[in-house]
């Protein structure tokens, strides 16, 4: 074994502690960062604390208002919140009941009555973000109803004397309604089943989901850009989606006018149409006609290069059953099934 001698080597001195650091040099960039960052951090801390307080401090209180019935009609305008409509057999007056929900600041709610109906207003200031209300309107049987809601949802079921519902941005959910029906969401979706009577439907951008509609006269539907999904529609109808797709099955209609504004169209008819006019403006069109020996005067005035397919046995220029499809460039397919 070999040993190395360390004799005569100078010892290594221990490390000396570092002296105090000098002051941080404040550059223009650091001043800007402080000027922007400190107020933003304080604001974030304050807002987080306020949000926590309003969440913990949530409150609610009930309300109740009588709504006048005039000449067999009830009219109600609600400036905020959701409302559910229901029939109240045996009652001669309408009653709106519900609950106001709020965060840190308790909002006020009030009713005023005018010759055109009742108005229910609730005051929510800008910092009270959790402010809202939900109500139920009980209406005497055989009473026509008009309700406007400034953005809230409207739900109605089981009325037979006609309704005008406008949600101004909220959704409308309707079941088993009859009479003169005018339903408008102002942008929200409309879901409705079991409608019968004179139907005028508008969503101004929302989707329409229809199930088992029986229109008297001509049913008019305008989605303003939303899609239209149908399962069972009886009666003539005029439909415009302004860009949305149409998927309609179980349609029993002699007269159909349909403009998709660019969306695709799928139409399944259970009755021979006497006059079917479709404008797709670029979307594809698929039409399924009922089985049988009926023939049609088929025209495709403007397909702009799209493919057109249908059995020649269906085409008869002398037929009184007219089919005109303008796809604007989309494909056109007509068949039986």
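Values in this text are rule-based calculations from the coordinates and carry no lab data. This is a predicted model, so every value here is computed, not measured. Every residue, glycine as well, gets a Cβ built from its backbone with ideal geometry; the counts of neighbours run over all protein chains shown.
Please identify which residues in the stretch 199-233 have an amide N closer than 17 Å to a label point set 7 Å out from the Cα of residue 176, following the Cα→Cβ vector.
211-214
Whole angstrom only: what separates the Cα centroid of the stretch 272-327 from the Cα centroid of the stretch 58-128?
Comparing the Cα centres of the stretch 272-327 and the stretch 58-128, I get a distance of 51 Å.
For residue 116, project a label point 7 Å along Cα to C-beta. Then give me every residue of the stretch 143-162 with its amide nitrogen under 16 Å of that point.
146-150
Between residue 218 and residue 105, what is the FRET efficiency for a Förster distance of 51 Å, r being their Cβ-Cβ separation, to the nearest 0.05? Present the calculation step by step, with values, prior to reporting the outcome.
Working: r = 50 Å, r/R0 = 0.97.
It comes to 0.55.
What is the distance, in nm, between label points placed 7 Å from the Cα along the Cα-to-Cβ direction at residue 211 and at residue 58?
3.0 nm
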